Amino acid sequence: MNVKLRSSKSPSVAVAAEISRIVELWREGRERFGRDGDFLCGAFTAVDAFWCPVAFRFQSYGVALDGTAAAYGRALLELPAMRQWAVDAASETERIPGLEQGLQAQQQ
């Protein structure tokens, strides 16, 4: 995953609906189960690991999050393992032509 990519492209209606659905899942999870920590069930669990790539994608595509969803996304991106993932991914040189069309790589 190229975590250096950034796009200001607006999502399609279908993608925007999926983003809204994910944001609602994050909010509901935090409100129902996450009162004792920064993650969906309080402490970091496998469910949070599932959402880590999505947090990177939201960052790459400039998805605006607010409130609970923004705090959760930040908590994921600030995990030491996520920071290391970003460092390791940034050092990759192989690119797949066509998959990154229209996106810009930025130094992080």
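Here are some notes:
- Taken one residue at a time, the phi angles of segment 50-66 give Karplus couplings (6.51, -1.76, 1.60, θ = phi - 60°) of 4, 8, 4, x, 5, 4, 4, 5, 4, 5, 4, 9, x, 5, 7, 10, 9 Hz. Gly and Pro are set to x.
- Stokes-Einstein diffusion for the chain, with the hydrodynamic radius set to the Kirkwood value over Cα pairs and evaluated at 10 °C in a medium of 1.306 mPa s, equals 108 µm²/s.
- Close amide H partners of residue 5, meaning residues 5 or more places away or on another chain with modelled amide H under 5 Å apart, are 106.
Laboratory data are not the source of any read-out in this text; all were calculated from the coordinates shown. Fair warning: this is a prediction, and the values are worked out from it, not measured in the lab.
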